[in-house]
Amino acid sequence: MKYFRQILVYAKPYKMYGFFNIISNIFYALFGTLAFVSLMPMLKVLFKSAEPINTPPVYSGITKLGDYIENSINYFITQKVNNEGELKALLFMIVIIISTFLLKNIFGYLAMYFITFLRNGVLKDVRNDLYEKTVDLPLAYFSEKRKGDIIARISTDVLEIQHSFLSILELIVREPLMILFTIIAMLALSPQLTLFVFIFIPIAGFVISLVGKKLKKQSDKVQKEQGQFLSILEETLGGLRVIKGFNAEGYFNTKFKDSTSRFYKFSNSLLNRQNLASPLSEFLGIGVIAILLWYGGSLVLVEKTLAPDAFIVFMGLAYNILTPAKAISKAVYGVKKGDAAAERVLEILNTKSPLADKPNALNKVSFDSGISLKNITFKYEDEYVLKDFSLEIPKGKTVAFVGQSGSGKSTIANLLTRFYDVNEGTIKIDGIDIRDITKKSLRNLQGLVSQDSILFNDSIKSNILLGIDNKTDQEILAAAQIANAHEFIKEMPNGYDSNIGDSGNKLSGGQKQRLSIARAVLKNPPIMILDEATSALDTESERLVQDALEKMMQNRTSVVIAHRLSTIQKADLIVVLQKGKIIEQGTHNELIANNNVYKKLVEMQSL
């Protein structure tokens with residue numbers, strides 16, 4: 001139940017709904033019991049078994065409570081029959097019965113009405129926190145996770161929590177109270193018969209619990225497999241062009257079918273065990289009723305210690321216990337199933353981010369002198385990408401990093417933006433370790449244009465404005481002009497309000513990249529990081545993008561990760577990397593004159 005307690009914290013803002021639900025459930029249970037007890041006076045009138053009592057009975061202690069209630073009912077019936085006749089007395093009893101059932105159902109509806117706000121409120125808040133946590137966690141966390149599995153946790157696992165854990169909130173008051181009030185009424189009618197109920201109900205409960213033992217394990221398998229096939233679906237939609245181009249539809253169809261077949265097998269096993277709860281509890285309940293019929297019948301017919309009308313009402317009350325008992329047994333099964341879902345959801349919520357801001361982190365708003373990378377060492381897994389790496393980047397200068405794939409160029413961009421933290425050494429801005437600066441203020445000082453133009457299924461305007469507030473339409477237009485994007489935007493059907501489709505697939509590669517540059521220009525940061533921003537473009541697009549980049553880098557500190565060396569010839573400093581180490585550095589002309597690695601790279605690209 002430790003997971004249930006953690007989820008229950010989310011119910012605090014909705015405790016008022018919980019309070020009204022409890023009040024409604026108390027009245028529901030009370031009138032649910034009275035609905036059956038109120039049958040007794042009517043049966044007495046029908047069977048004419050009520051002995052006339054003309055003086056009000058006197059209460060003489062809890063041990064004689066049953067006799068006192070029975071005598072009070074008899075006195076009430078006698079008065080009614082004497083004053084209004086049997087038919088009117090019967091009609092009055094029917095009105096009371098209808099009224100109690102009506103009140104029971106009204107309070108039952110009110111209980112469900114209030115709990116709905118609580119359940120859906122918890123569902124909303126858990127999903128919001130889960131999404132917020134997902135966005136906050138570092139990139140390293142998701143390199144080990146499947147996207148589909150994360151989607152499954154936010155969608156189906158949270159829904160499972162609502163159906164299982166939160167259904168307990170409906171039952172935690174109503175069903176136990178219904179059983180409690182019913183047992184009190186049964187004790188008042190016949191303590192001997194009630195003792196039978198106490199003997200056989202625990203036995204039935206033990207049998208039901210045996211069936212539910214493996215539910216958590218099986219539910220965990222179902223939810224993991226759901227994450228698996230959602231991941232395959234997400235990968236398929238993302239790579240549909242490659243799948244079709246390589247005629248790999250059959251391979252992915254087989255992969256998806258294998259996953260859904262496992263899901264089918266696990267789901268059947270889980271649901272068949274879960275579906276056993278209701279018929280098993282009902283059968284065991286009827287078994288208890290059968291024993292009561294046998295023993296109660298002997299009290300009525302043989303020993304004559306129990307009135308027939310009291311026996312009928314008692315049997316009705318005994319059956320009245322079955323419904324809440326069934327609901328509780330289903331809820332116990334649901335908890336075991338929800339336990340697996342809650343564990344998966346809380347695994348994300350309880351994950352501590354290694355990149356979390358320090359409690360006293362500085363909110364830095366300006367960039368004054370430069371960036372310093374001192375003796376930094378970094379590895380993604382086991383192998384070092386950078387080792388004892390040092391470099392100074394003065395304010396206002398353009399520094400370009402070149403080298404073969406895997407030399408550590410993009411890693412530097414990831415460390416400067418603090419997508420990852422260094423294993424050793426320090427990265428400082430204006431002499432302050434970036435780990436002592438809030439992530440938000442650090443990234444406010446930086447603009448990022450990456451090789452992959454990340455755009456969203458929204459309008460051009462919204463994509464340019466991403467994360468930027470208080471900008472006018474004129475400023476957006478000016479940023480687009482600097483990025484050489486205004487010309488193609490104004491030709492779109494709705495101009496800046498045109499939707500660009502999923503991942504911007506309505507645009508060409510060059511158009512997408514120019515929108516990314518417009519976004520960075522509008523942000524107007526003092527530090528610009530360009531991670532192979534032109535490597536995926538054709539010559540015409542590269543010319544337009546390169547022109548846009550040069551405009552954007554004016555009067556800024558720029559860190560350029562370069563693949564095409566023709567784009568960095570004007571850089572103030574070119575750093576040549578090999579296996580995470582600097583093997584030469586200087587201006588373009590100095591490096592050409594050195595006649596070393598850089599010159600060979602330039603000659604290879606010229607060819």
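The values are calculated or read from the model by the stated rules, or taken from the named source; none is laboratory data. These numbers were taken from a predicted model, which means no experiment stands behind them. Using ideal geometry, Cβ is built from the backbone for each residue, glycine included, and neighbour counts are taken over all protein chains shown.
Of the helices (runs of 4 or more DSSP H) lying entirely inside the stretch 395-479, those carrying at least 1 residues that are farther than 23 Å from residue 381 by Cα are 439-444, 460-464. Checked against the criteria, residue 597 counts as surrounded by 14 or more Cβ atoms within 10 Å (Cβ to Cβ), at pLDDT 85 or above and more than 30 Å from residue 487 (Cα to Cα). Taken together, 52, 57, 41 contain a single residue that is loosely packed, with under 13 Cβ neighbours inside 10 Å and either modelled with pLDDT of 75 or more or in the same structural domain as residue 184 (by TED's automatic domain parsing) (or both), which is 52. You will find that of 444, 463, 423, 470, the residue that is polar (S, T, N, Q) and on the phi > 0 side of the Ramachandran plot is 470 and no other.
Residue check: residue 470 meets all listed conditions (1) surrounded by fewer than 21 Cβ atoms within 10 Å (Cβ to Cβ); (2) in contact with a strand residue (DSSP E or B) (Cβ under 6 Å, 6 or more places away or on another chain) but one, namely (2). Residues satisfying the criterion are present in the stretch 529-548 (criterion: surrounded by 15 or more Cβ atoms within 10 Å (Cβ to Cβ) and at pLDDT 85 or above). Taking residue 437 as the residue in question, decide whether it is assigned by TED's automatic domain parsing to the domain that holds residue 570, modelled with pLDDT of 90 or more and surrounded by 20 or more Cβ atoms within 10 Å (Cβ to Cβ). So residue 437 passes the test. Taking residues in the stretch 96-120 that are within 12 Å of residue 34 (Cβ to Cβ), and partners anywhere that are part of a helix (DSSP H, G or I) and polar (S, T, N, Q), the pairs with Cβ atoms closer than 8 Å and at least 6 places apart or on different chains are 107/24; 107/25. Just one of the listed residues (351, 411, 377) is β-branched (Val, Ile, Thr), out of contact with any Ser or Thr (no Cβ under 7 Å at 6 or more places or on another chain) and at pLDDT 90 or above, and it is 377.
Being farther than 23 Å from residue 502 by Cβ, more than 31 Å from the chain's Cα centre (by Cα) and at pLDDT 75 or above is true of residue 296. Just one of the listed residues (388, 339, 382, 309) is outside the structural domain of residue 127 (by TED's automatic domain parsing) and either under 30 Å from residue 218 (Cα atoms) or at pLDDT below 80 (or both), and it is 382.
For the stretch 448-459, state whether one or more residues are without any contact (Cβ under 8 Å) to a residue 60 or more places away in the chain, among the hydroxyl-bearing types (Ser, Thr, Tyr), within 30 Å of residue 492 (Cβ to Cβ) and surrounded by fewer than 18 Cβ atoms within 10 Å (Cβ to Cβ). Yes - at least one qualifying residue is present in the stretch 448-459. When the test is whether a residue is modelled with pLDDT of 75 or more, part of a strand (DSSP E or B) and β-branched (Val, Ile, Thr), residue 576 passes it. Only one of the numbered conditions (1) hydrophobic (A, V, I, L, M, F, W, C); (2) touching a Pro at 6+ places or on another chain (Cβ under 9 Å); (3) surrounded by fewer than 17 Cβ atoms within 10 Å (Cβ to Cβ) is violated by residue 367, and that is (3).
Remark: pairs (first residue in the stretch 485-497, part of a loop (DSSP other than H, G, I, E, B); second residue surrounded by 11 or more Cβ atoms within 10 Å (Cβ to Cβ) and of a type outside the set (Gly, Ala, Ser); Cβ separation under 8 Å; 6+ apart in sequence or on different chains) = 485/511; 485/514; 485/515; 485/517; 492/460.
Within the stretch 482-514, work out how many residues are surrounded by fewer than 23 Cβ atoms within 10 Å (Cβ to Cβ) and under 18 Å from residue 468 (Cα atoms). Residues in the stretch 482-514 being surrounded by fewer than 23 Cβ atoms within 10 Å (Cβ to Cβ) and under 18 Å from residue 468 (Cα atoms): 3 in total.
Within the stretch 583-607, residues that are under 17 Å from residue 562 (Cα atoms) reach partners that are among the basic types (Lys, Arg) with beta carbons closer than 8 Å, at six or more positions or on different chains, in the pairs 588/570; 591/599; 592/599; 605/564. Within the set 345, 365, the sole residue that is touching a helix residue (DSSP H, G or I) at 6+ places or on another chain (Cβ under 9 Å), of a type in the set (A, V, I, L, M) and not in a loop (DSSP other than H, G, I, E, B) turns out to be 345.
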